[in-house]
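Here the structure comes first, spelled out in structure tokens, and everything after it is commentary.
The values are calculated or read from the model by the stated rules, or taken from the named source; none is laboratory data. The model shown is predicted, which means the values in this text are computed figures rather than measured ones. With ideal geometry, Cβ positions are generated from the backbone for all residues, glycine too; neighbour counts draw on all protein chains shown. SASA here: full protein model, heavy atoms, side chains in, ligands and nucleic acids out. Shrake-Rupley method; radii C 1.70, N 1.55, O 1.52, S 1.80 Å.
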Amino acid sequence: MNILLKSAKIVCPENKALHLKKRDILIKKGIIEKIAASIDTPSGVKTIERKNLHVSLGWFDTSVSFGEPGFEERETIENGLGVASSSGFTDIILNPNTNPLPDSSSDIVFLKERANGNSTNLYPLGSLTVNSEGKDLAELFDMKNSGAVAFYDFKRQISNPNLLKIALLYAQNFDGLVYSYPQDGQIKGKGIVHEGHVSTMLGLKGIPAMAEELQIARDLFILEYTGGKLHIPTISTANSVKLIANAKKNGLDISCSVAIHNLIYTDENLKEFDTNYKVMPPLRTKSDCKALIKGLKDGVIDFVTSDHIPIDIEDKRVEFDNAAAGTIGLESAFGSLIQIFDLEDTIALLTKGRERFELETPTFKEGTKACVTLFEVDSDTIFSMDNIHSISKNSMFLGSPLKGRAYGVINNNQILI
């Protein structure tokens, strides 16, 4: 693959000499060979010129679900990785949200092999417990040796505090990262949306913010006792941000993420009973959104994620109480995020964090592997079904305005635009 990018604006704060400069970029056999103000097109090289072309290091998403194995009607690995590439992501972390659940080394090997040869890299999470039932620890060490980057019972709380204690102690033997989903199931009960005036008005059972915050507080106490590395995925409340900020000040090895939709939408969006707005954790309030955005700006929240979860149409076109929770988000991630943050902050959020999962961090300079995302920032569009390439179409962003768009990626000596 030999490519010449013409007049691309480089967004890479790590390389101050090139940051926000327009340059031609010559890529040969997957390596950045030359970066200059002007490069004549060599023979056998494909030239790419796009309107308002920007380039950055490849984007990274820490929470993506597909369906394969077991739920291929929702999404396959092959198509899902294609969606990720066309949405600008060179690297994604795959949630353990399949059937069977990946709780052994052979399951991890299967996922890695199915993802081979794609322009987007897939890094699987292994289930923390056998079949994610919250009883016995799964084969954590074997799964790590097979390629699992962390361990998570997807969207399921660790009810037994002693199990989390043992997991954190055990994982320290091989520098493993443990996830804990922030929701107390007993306080949540049968709740399906944020507890507040909207849930009362709509007659829907609510989930108090306390369900999340108590779980986080408990987990942080355990982490302080055990040591180790803990990640709390997709927080949603203002007090959660405060709890994690204090834990970081106290030196705990804690990280967390937030879903993009929890930065933008609130429980007010539920008034039409559109099941695409049913997600877990639930959409909260405007004040929570503001606190989450501030948490990202302050560095308290480590990652922003699409929390991409494909759901069958049969599981969404039902009564709100019975609908499955989740929204797809890869295709709308960049266009929605850049409306909240400026360009540099948006790219920083989309490219940070690989070191937390012990992944190679790409660099942007001559002689290095090309791991880049191509995009533009000026167009204004309304997100529609035409923009969705996922097999499942359950997006809460449908009908929403987006800014800019991803053209695609160059990675693994492949180009997908």
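So that you can scan it fast, the table gives a plain yes or no per residue for (1) at pLDDT 95 or above; (2) outside any loop (DSSP other than H, G, I, E, B); (3) open to solvent by 10 Å² or more (accessible area, probe 1.4 Å):
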site	(1), (2), (3)
201	yes, yes, yes
223	yes, yes, no
230	yes, yes, no
235	yes, no, no
279	yes, no, no
291	yes, yes, yes
304	yes, yes, no
(request) Would you be able to tell me the number of residues in the stretch 175-195 that are open to solvent by less than 30 Å² (accessible area, probe 1.4 Å) and closer than 30 Å to residue 355 by Cβ? (result) 8
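Per-residue answers, yes or no, for (1) within 25 Å of the chain's Cα centre (by Cα); (2) surrounded by fewer than 19 Cβ atoms within 10 Å (Cβ to Cβ); (3) acidic (Asp, Glu):
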position	(1), (2), (3)
4	no, no, no
10	yes, no, no
21	no, yes, no
45	no, yes, no
49	no, yes, yes
54	yes, no, no
(request) Scan the stretch 143-165 residue by residue and report those that are open to solvent by 10 Å² or more (accessible area, probe 1.4 Å) and either charged (D, E, K, R) or more than 17 Å from residue 228 (Cβ to Cβ) (or both). (result) 144, 145, 146, 147, 154, 155, 156, 157, 159, 165
(request) Go through the residues of the stretch 97-120 one by one and say whether even a single one is in a loop (DSSP other than H, G, I, E, B), under 19 Å from residue 347 (Cα atoms) and touching a helix residue (DSSP H, G or I) at 6+ places or on another chain (Cβ under 6 Å). (result) yes
(request) Scan the stretch 382-413 for residues that are open to solvent by 60 Å² or more (accessible area, probe 1.4 Å) and assigned to a strand (DSSP E or B) and report the count. (result) 4
(message) Is it the case, given these coordinates, that residue 378 is open to solvent by 60 Å² or more (accessible area, probe 1.4 Å), modelled with pLDDT of 95 or more and either of a type in the set (Phe, Trp, Tyr) or farther than 21 Å from residue 120 by Cα (or both)?
(response) no
(request) Within the stretch 101-131, track down each residue that is of a type in the set (Phe, Trp, Tyr) and either surrounded by fewer than 18 Cβ atoms within 10 Å (Cβ to Cβ) or in contact with a strand residue (DSSP E or B) (Cβ under 6 Å, 6 or more places away or on another chain) (or both). (result) 123
(request) Consider residue 351 carefully, then state whether it is closer than 25 Å to residue 18 by Cα, among the polar types (S, T, N, Q), open to solvent by 10 Å² or more (accessible area, probe 1.4 Å) and modelled with pLDDT of 95 or more. (result) yes
(request) Name every residue in the stretch 2-37 that is at positive phi and not in a strand (DSSP E or B), in order of residue number. (result) 20, 29, 30
(request) Considering only the stretch 358-381, state which residues are assigned to a strand (DSSP E or B) and among the charged types (D, E, K, R). (result) 369, 376, 378, 380
(request) Pull up the stretch 56-72, narrow it to residues that are of a type in the set (D, E, K, R) and buried (at least 19 other Cβ atoms within 10 Å of the Cβ), then point me to the one that is nearest to residue 179 (Cα to Cα). (result) 61
(request) Those residues that are open to solvent by less than 10 Å² (accessible area, probe 1.4 Å), closer than 27 Å to residue 273 by Cβ and of a type in the set (A, V, I, L, M, F, W, C), I need them from the stretch 203-221; list them, please. (result) 207, 211
(message) Tell me yes or no: at least one residue of the stretch 205-217 is more than 25 Å from residue 288 (Cβ to Cβ) and touching a helix residue (DSSP H, G or I) at 6+ places or on another chain (Cβ under 8 Å).
(response) no
(message) Would you confirm whether or not the stretch 319-330 contains a residue that is within 27 Å of residue 255 (Cα to Cα) and outside any loop (DSSP other than H, G, I, E, B)?
(response) yes
(message) Given (1) assigned to a strand (DSSP E or B); (2) open to solvent by 20 Å² or more (accessible area, probe 1.4 Å), identify the lone condition not met by residue 92.
(response) (2)
(message) Only one of 359, 374, 350, 283 is touching a strand residue (DSSP E or B) at 6+ places or on another chain (Cβ under 7 Å), over 26 Å from residue 31 (Cα atoms) and of a type outside the set (D, E, K, R). Can you tell me which?
(response) 283
(message) Can you say whether residue 263 is surrounded by fewer than 23 Cβ atoms within 10 Å (Cβ to Cβ) and modelled with pLDDT of 95 or more, as far as the supplied structure shows?
(response) yes
(message) Quick check on the stretch 73-89: of everything there that is in contact with a helix residue (DSSP H, G or I) (Cβ under 7 Å, 6 or more places away or on another chain) and among the aliphatic types (A, V, I, L, M), which residue is surrounded by the most Cβ atoms within 10 Å (Cβ to Cβ)?
(response) 81
(request) With respect to residue 26, determine if the residue is over 18 Å from the mean Cα position of the chain (by Cα) and more than 20 Å from residue 336 (Cα to Cα). (result) yes
